[in-house]
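Have a look at the structure below before the remarks.
Values in this text are rule-based calculations from the coordinates and carry no lab data. Quantities reported herein were computed from a predicted structural model and do not represent experimental measurements. When we count neighbours, we look across all protein chains shown, and the Cβ atoms used for this are built from the backbone with ideal geometry, even at glycine.
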Amino acid sequence: MPIIATQGLTMRFPRVTALDDLSVAVEPGVVGLVGANGAGKSTLIKILLGLLPPTSGTATVLGLDIAREGLRIRESVGFMPEYDCLPPDVSATEFVVHMARMCGLPPTAARERAADTLRHVGLYEERYRPIGGYSTGMRQRVKLAQALVHDPKLVFLDEPTNGLDPAGRDEMLDLIRRIGTEFGISVLVTSHLLGELERVCEHVVIVDGGKLLRSQAVEAYTAESGVLTVEVDDGRDTLGRHLYDQGVAVRPEGRFLVVDIAGEQTYDLVRDGVAELGLRLIRMEQRRHHIEEVFQTPPAPTAAAGGVQSGDVQEGAPR
Ligand SMILES: Nc1ncnc2c1ncn2[C@@H]1O[C@H](COP(=O)(O)OP(=O)(O)OP(=O)(O)O)[C@@H](O)[C@H]1O
């Protein structure tokens with residue numbers, strides 16, 4: 001059963017259509033929702049939580065109807081909002097216990113769950129300090145902890161890496177991956193950075209101007225390319241010249257050789273060349289695309305899609 005299913009979801013504000021006839025089904029797992037700023041991601045989350053009635057269309061979350069069962073959805077779904085909404089004068093423990101109590105947990109269970117959750121997000125040592133003195137990364141972790149404290153089946157994480165430095169972003173992405181793999185909680189995570197979603201998500205939904213552009217497994221975005229990456233220990237140029245003499249299309253790229261694949265024989269030529277020259281082969285693998293490369297050449301317009309304009313969706317940090 002899909003964890004989220006929308007049909008013709010439309011949200012019109014007086015000056016802008018934030019969601020435009022959006023129909024999508026999302027299966028359990030770690031799922032990315034990507035789009036430029038203003039694409040409609042936060043609006044979709046608010047509608048899915050039953051907090052904002054759509055202009056038209058229907059949706060279910062965990063099989064529950066957003067129009068009739070908003071409260072039950074919010075019992076089963078955790079939400080990490082995009083913007084900072086934390087009280088500065090209380091500690092992370094006090095805040096997360098309070099949120100657990102708001103979700104209906106009895107006092108002792110709330111304290112235990114808060115302590116466990118804060119440990120999972122890496123805030124155990126600092127949990128008694130007032131939130132006002134926390135760094136951006138620590139504040140993001142408090143927001144994440146309160147989303148997880150009532151043991152939800154699904155969490156919505158709205159731009160969880162916002163404002164983080166590269167190291168903080170890596171740690172947050174690692175946490176998100178663990179939420180999916182170790183805790184078995186499904187995740188819908190939004191970002192305007194395609195590259196970072198590729199690292200943690202199994203499936204990515206792309207919205208642009210409130211319309212669905214694509215909904216695909218990450219594997220499908222990153223299908224194998226027609227080139228081989230070859231790395232040898234000392235002798236890159238020797239091997240390159242050797243392959244060139246055999247009629248292979250080859251070029252250097254950093255410490256690698258990039259070889260166009262012209263059938264099975266390309267693998268044989270590389271392997272034989274390495275053996276003949278007495279080199280040590282470190283790697284030979286078919287290169288995969290990165291998601292953002294898919295958007296450098298917009299796909300032929302399909303359905304409602306008009307193609308992503310370059311710059312609409314930013315690339316992630318270099319990997
Ligand atoms: N309450 C509102 N009233 C009027 N317009 C709104 C309201 N909420 C959102 N919008 C508009 O709807 C569009 C989509 O906004 P939304 O916040 O959903 O985008 P987003 O993809 O989450 O982008 P961001 O990451 O910048 O928040 C924007 O043009 C925004 O200005």
Conditions (1) surrounded by fewer than 16 Cβ atoms within 10 Å (Cβ to Cβ); (2) over 18 Å from the mean Cα position of the chain (by Cα); (3) closer than 30 Å to ASP116 by Cβ; (4) away from the ligand (no atom under 16 Å from the Cβ) -> CYS85 fails only (4)
For segment 1-70, please list each of the strands (runs of 3 or more DSSP E) lying entirely inside it that holds at least 1 residues being more than 16 Å from the ligand (Cβ to nearest atom) and more than 27 Å from LEU194 (Cβ to Cβ). 56-61
Being assigned to a strand (DSSP E or B), away from the ligand (no atom under 16 Å from the Cβ) and among the aliphatic types (A, V, I, L, M): is that true of VAL207 here? no
Filtered residue count, segment 103-122, keeping only those that are aliphatic (A, V, I, L, M) and touching a Leu at 6+ places or on another chain (Cβ under 6 Å): 1
Does GLY163 satisfy the condition of being within 16 Å of the ligand (Cβ to nearest atom), within 19 Å of the chain's Cα centre (by Cα) and more than 25 Å from GLU75 (Cα to Cα)? yes
